[in-house]
Every structure is written in structure tokens, then in C-alpha cells.
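Data block below; observations after.
The values are calculated or read from the model by the stated rules, or taken from the named source; none is laboratory data. As the structure is a computational prediction, the values presented were derived from the model and not from experiment. As a convention, Cβ positions derive from the backbone with ideal geometry for all residues, glycine included, and neighbour counts pool all protein chains shown. The accessibility values were calculated without ligands, DNA or RNA, using every heavy atom of the protein model including side chains. Shrake-Rupley method; radii C 1.70, N 1.55, O 1.52, S 1.80 Å.
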Amino acid sequence: MKNIFHQFLPKVQVGEITALTSGHINDTFLVKTDQGSYILQKLNHLVFPNIPELMNNKVKVAQYLAKQKGFKQALLHFYPTQSGRNYHQDEAGFYWNLMNFIADSKVLDKTENSEQAAEAGEAFGAFIKALDGFDAAELYEIIPDFHKMSFRYQQFDEALKKASEERKQEASNWIIQVLASREKMQKLQKKHEQGELPLRVTHNDTKLSNILFDMEDKALAVIDWDTLMPGIVHYDFGDSIRTICSTATEDETDLDKVQFNMEFYQAYYQSFIKELQGILNPKEIELLPLAAPTITFIMGLRFLTDYLNGDVYYKIKYPHHNLDRAANQLTLVKRMEAVLK
Ligand code: GN1
Ligand code: MG
């Protein structure tokens, strides 16, 4: 790994390297050196088939954000290699990128109070606001139809056809819920297809752990820009609510602990729309609440699909991990539907 690091910064002395294990897709490492710390990442090219374009998106956005005077978050910087590329491909064909490490920061696994929820709303709101003038057409669509419900249902239908009897049996309650929700869960997509919701530059993975906080709980930066793509604001709002307003983490197996925290929702909502005042149109605002169960559901659907497929997409830590995640997310959807109208 030292050798890979030196493709980017050959003169820096590398010390300890530790794996950061919270992501489900890439392999991420913290590299300590004589000149501070860096983040080295091995990108999953099975999930992201076009890494050069993915890196290009991230670099374009980083350069754009650096020029936005009102944008106060810490900036991500992607280092080029000695040969001038913003990624390195190793002998085994894997792609790597190197970025700055933002010091004195932490990630939260669960929201502890409404101040943190409000900070998170401001952080993701400010991120979308800062990119309001960036032409979404400039971004390569890294994973087409990423949050498109009908596409995720299509993948689910295929998985269901091929799944083993045993997996189908284990997942049967959740399969029933998913099959019964097909119509209802397409509502947001329909509004989008009818042209009621504008395309913006969206982050598309706005979970709580993709915000760096400082030690006083102020949001420092939005990280993990792999899925920056054209999208609707609801994708980002919904994905935040899914993690920020749940009383449990995504893989909690005691479903009684999976509750929806309305106070955190209000705090997030208020600061998010305050940040985006004058940017979001009334239709977008009206449909924000619907985004929460919709995006939470799409995650449940994707985890369930991966379980049926034999766990080929997300990293898992034990055999039923994806099924547990699906159960958790689909439970959270029900809790949201009970209170968000
Ligand atoms: C994946 O790898 P990570 O943890 O950043 C996934 C997201 C899901 C998330 C669930 C490219 O993100 O869509 O919301 O897991 N990313 C991709 O925690 O599929
Ligand atoms: Mg991600």
C-alpha cells in the first residue's frame, strides 16, 4: 500500500496505515505520514464501472466548490498521481485515489440530539445550495437510475426469480411487504417523470456518517462524493432522514429499537429548508416528507435484493446481515408512514 501511496506523493514518508471500515462498497484507509494524515481509497470497480469518470466528477465539484465564497465547509482535495491522473490503477486492475484527511473530526453513528440533526440539515442544505449554479449535465451519471424505484423493483423481480428457496423462505415477510408496496412507492418517481421536480446536482448518499463533525458537534464537511450525479433534492433529503432520524443504526436487529424521531426530523427539516430558501420551489417542498419513506424503502428493497442474490453487492459481516438491514429499513418505513403525512 505504501507503494500505491507513493504513486501520488513519492516524497512523503508513510507511517501507520489503518482501515476505516464503515463503508459498504469501497476499502478506505487512514495513512499517517511525516506530513500529516491522508485518506487512501480502493474504489470498487464492480459497483462503479467507470472510475475515471467518477474521479472526474469529484475533481470538477471540488474545483467548483473551492470558488464558492459562501461555502464554508472544509474542502476535499484529490491528489493527482505522478503521471497526472486523479486515480492510480494497480497491477491487479484495482483503482485507488488519495485525498486529504480533515483533522479533529469525527463521524456519528447515530444522532444524539436535535442540535446535531439541525447541523446535518444545514450541512447537506449548504452543499446543494453551493452546487446550485453547477450544471448537472456536466456530471457523468455514475450509476444510472441509482434512486429510480422502478429500476430497483426490476432488480428485485430478477433476484426473486433466481433466489434459493431457503433465502426466499427466510425473507418471506419482507418480500410480501415489498410486493404490496410497488404502486405506492412509485409516487415520487411519477412526479419526477411528469416534470414537476427539477434536476439538480445531488450527493445521493447523504447518510449521517457522510458528515464530518468537529469535537463541538459542528458539521465540518460533507464527504463521500462517489455518487454525485444529477438527481432530485428528495433523494438527498430522504436519505438523510433515513439515518439521522432513526433511533437505531441501519443494522440494528432489535426492531423495537428502530423508531422514528420526530424531533430530529423537525430540526433537520427546518435547517435544511432554511439553507435552501429561494432555491427549492413549492412543489419540491411539498413533497419532501414523502421522500423519507420512499428513500428508506429503496434501501430496504436494495438490501433485500442483495440478500436474495446471495450477497454480491454490499459488504456483509455475517450471513444474514443484508436481511437484517432490509428488515430494519422496511420497519423504519412503517414508523415513518405512521407520522409523516
Ligand atoms: C452504500 O458504501 P457506502 O456505505 O458509502 C451505497 C448507498 C447506501 C449505503 C447504505 C454506491 O454506501 O447507496 O445508501 O451503502 N452506495 C452505493 O448504508 O450503492
Ligand atoms: Mg457512499
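Surrounded by fewer than 15 Cβ atoms within 10 Å (Cβ to Cβ) and modelled with pLDDT of 95 or more: is that true of Val14 in this structure? Answer is no for this residue. Would you confirm whether or not segment 241-259 contains a residue that is of a type in the set (Lys, Arg) and assigned to a loop (DSSP other than H, G, I, E, B)? No, segment 241-259 has no match at all.
The condition of being within 16 Å of ligand 2 (Cβ to nearest atom), crowded, with 24+ Cβ neighbours inside 10 Å and not acidic (Asp, Glu) holds for Ile244.
Here segment 284-313 is the region considered, the condition is being farther than 20 Å from Val233 by Cα, open to solvent by less than 20 Å² (accessible area, probe 1.4 Å) and aromatic (Phe, Trp, Tyr), and the residue that is nearest to ligand 2 (Cβ to nearest atom) is Phe303. In segment 161-172, the residue that is surrounded by the most Cβ atoms within 10 Å (Cβ to Cβ) out of those that are in a helix (DSSP H, G or I) and touching a residue at least 24 places away in the same chain (Cβ under 8 Å) is Arg167. Just give me the residues in segment 272-283 being touching a residue at least 24 places away in the same chain (Cβ under 8 Å), assigned to a helix (DSSP H, G or I) and surrounded by fewer than 21 Cβ atoms within 10 Å (Cβ to Cβ), in sequence order. Ile273, Lys274, Glu275, Lys283 - these are the residues of segment 272-283 that are touching a residue at least 24 places away in the same chain (Cβ under 8 Å), assigned to a helix (DSSP H, G or I) and surrounded by fewer than 21 Cβ atoms within 10 Å (Cβ to Cβ). Note on segment 76-101: residues that are of a type in the set (A, V, I, L, M), closer than 25 Å to Phe124 by Cβ and open to solvent by 70 Å² or more (accessible area, probe 1.4 Å) amount to 0. Look at segment 68-86: where a residue is closer than 21 Å to Glu53 by Cβ and a partner is open to solvent by 50 Å² or more (accessible area, probe 1.4 Å) and part of a loop (DSSP other than H, G, I, E, B), sitting 6+ places away or on another chain with Cβ atoms under 7 Å, you get Asn86/Pro80.
Filtering Ala117, Ala126, Ala62 for residues that are touching an Asp or Glu at 6+ places or on another chain (Cβ under 6 Å), small (Gly, Ala, Ser) and not in a loop (DSSP other than H, G, I, E, B) leaves a single hit, Ala126. Put simply, of Gly93, Gly23, Gly84 the only residue that is assigned to a loop (DSSP other than H, G, I, E, B) and in contact with a His (Cβ under 8 Å, 6 or more places away or on another chain) is Gly93.
When segment 208-238 is limited to residues that are assigned to a helix (DSSP H, G or I) and of a type in the set (S, T, N, Q), the one that is surrounded by the fewest Cβ atoms within 10 Å (Cβ to Cβ) turns out to be Ser209. Of these, Phe303, Phe297, which one is without any contact (Cβ under 8 Å) to a residue 60 or more places away in the chain and within 13 Å of ligand 1 (Cβ to nearest atom)? Checking each option against the conditions leaves just Phe303.
If you go through segment 196-218 and keep only what is basic (Lys, Arg), touching a residue at least 60 places away in the same chain (Cβ under 8 Å) and within 11 Å of ligand 1 (Cβ to nearest atom), you end up with nothing. Could you tell me whether segment 195-207 includes any residue that is open to solvent by less than 10 Å² (accessible area, probe 1.4 Å), over 14 Å from Lys58 (Cα atoms), modelled with pLDDT of 95 or more and within 14 Å of ligand 2 (Cβ to nearest atom)? Yes, because at least one residue in segment 195-207 is open to solvent by less than 10 Å² (accessible area, probe 1.4 Å), over 14 Å from Lys58 (Cα atoms), modelled with pLDDT of 95 or more and within 14 Å of ligand 2 (Cβ to nearest atom).
Of all residues in segment 219-239, those that are among the aromatic types (Phe, Trp, Tyr) have Cβ atoms under 9 Å from Cβ atoms of residues that are assigned to a loop (DSSP other than H, G, I, E, B) and more than 10 Å from ligand 1 (Cβ to nearest atom), 6 or more apart or on another chain, in Trp225/Leu76; Trp225/His203; Tyr235/His203. So, in segment 321-341, exactly how many residues are within 23 Å of Asn26 (Cβ to Cβ) and either open to solvent by 20 Å² or more (accessible area, probe 1.4 Å) or in a loop (DSSP other than H, G, I, E, B) (or both)? Result for segment 321-341: 1.
Might you let me know whether segment 80-102 holds any residue that is closer than 21 Å to Ile295 by Cα and among the β-branched types (Val, Ile, Thr)? The answer is no, given that none of the residues of segment 80-102 is closer than 21 Å to Ile295 by Cα and among the β-branched types (Val, Ile, Thr).
One residue stands out in segment 22-45 among those that are within 11 Å of ligand 2 (Cβ to nearest atom) and of a type in the set (A, V, I, L, M): the one that is surrounded by the most Cβ atoms within 10 Å (Cβ to Cβ), namely Leu43.
A single entry from Phe8, Phe48 fulfils the requirement of being open to solvent by less than 30 Å² (accessible area, probe 1.4 Å), of a type outside the set (Asp, Glu) and away from ligand 2 (no atom under 16 Å from the Cβ): Phe8.
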